[in-house]
1. Being in contact (Cβ under 8 Å) with a residue 24 or more places away in the chain, within 21 Å of the chain's Cα centre (by Cα) and surrounded by 10 or more Cβ atoms within 10 Å (Cβ to Cβ) is the requirement here; does S192 meet it?
2. Those residues that are among the aliphatic types (A, V, I, L, M) and assigned to a strand (DSSP E or B), I need them from the range 159-192; list them, please.
3. Being touching a Cys at 6+ places or on another chain (Cβ under 6 Å) and modelled with pLDDT of 95 or more narrows it down to one residue among C121, C107, C74; which is it?
4. For N82, indicate whether it is loosely packed, with under 12 Cβ neighbours inside 10 Å, closer than 30 Å to R168 by Cβ and either modelled with pLDDT under 95 or of a type in the set (V, I, T) (or both).
5. Inside the range 15-52, can you point out the residues that are among the small types (G, A, S) and surrounded by 13 or more Cβ atoms within 10 Å (Cβ to Cβ)?
6. When you go through K159, K172, K150, K154 one by one, which is the residue that is modelled with pLDDT under 85 and within 30 Å of R22 (Cα to Cα)?
7. Would you mention how many residues in the range 26-67 are over 30 Å from P162 (Cβ atoms) and out of contact with any Gly (no Cβ under 6 Å at 6 or more places or on another chain)?
8. Restricting the search to the range 90-107, which residues are among the small types (G, A, S) and more than 28 Å from the chain's Cα centre (by Cα)?
Amino acid sequence: MSVFGGETCEVCGAPLPKHRTRFCSDACMDKASNARLRAQNAGRTRPPLIRPSVCMDCGKSFMGHIKSKRCPDCQLIADRQNDAAHQARKRAGTSRKIGESYPCESCGKLYVLQSGRQRWCEDCREEQTRKSRNALSRSWNQAAYADPSKRAQKNAIRKAAPRTETCRWCGKTFTATSKRRSFCSEECRAASQIAYQKQYDKTVRKRKKQASDAQSPS
């Protein structure tokens, strides 16, 4: 048995390249991930796109899109205010224009503006976007967990439905309740990890020997 759990891709059956443990490519890994998500969401009911909401400005109830925060009247007022503020920035010369260079808010490096919401250069964009998303997620979770009903609903969604899996080490079938469980026991997980480390060390030693032989004079 392979220390990686198999010799072929779990999706397409193709031989596994070096340093691939379960899938032959990122495309097959994405297919497997999407299949797991579809299976997990098969019995879950989705909220309607149009639902009753409460306006964040006037407090009036209205029927709107799931992402709507204002009633139509308040949204119209907000749009007019945003447009007036934009025109004021244009008259003051502080508005930004697509295609011109501006300093990055993180490192100060100049970058070419490609969209109205761009704030960082390409070097800082990924890291700053991750920080912004994490901050937004933390604030949303804090608000959600403050409501007992939402907290119970969120915890229920996080629990994975029991499913039958095959141990990647011994091949035994078992019932998994965790989304990422791949081994039937802690012993199999530890044995697989030890075998993987041995195989990895062997590969590294082989590469070093090949590099040393290539550098030595013939």
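The values are calculated or read from the model by the stated rules, or taken from the named source; none is laboratory data. Predicted, not measured: the structure shown is a model, and the values here were computed from it. Positions of Cβ are backbone-derived with ideal geometry, glycine not excepted, and every protein chain shown enters the neighbour counts.
1. no
2. Result: A176, single match.
3. C74
4. It is false that N82 is loosely packed, with under 12 Cβ neighbours inside 10 Å, closer than 30 Å to R168 by Cβ and either modelled with pLDDT under 95 or of a type in the set (V, I, T) (or both).
5. Of everything in the range 15-52, those that are among the small types (G, A, S) and surrounded by 13 or more Cβ atoms within 10 Å (Cβ to Cβ) turn out to be S25, A32.
6. K159
7. 18
8. A92, G93, S95, G99, S101
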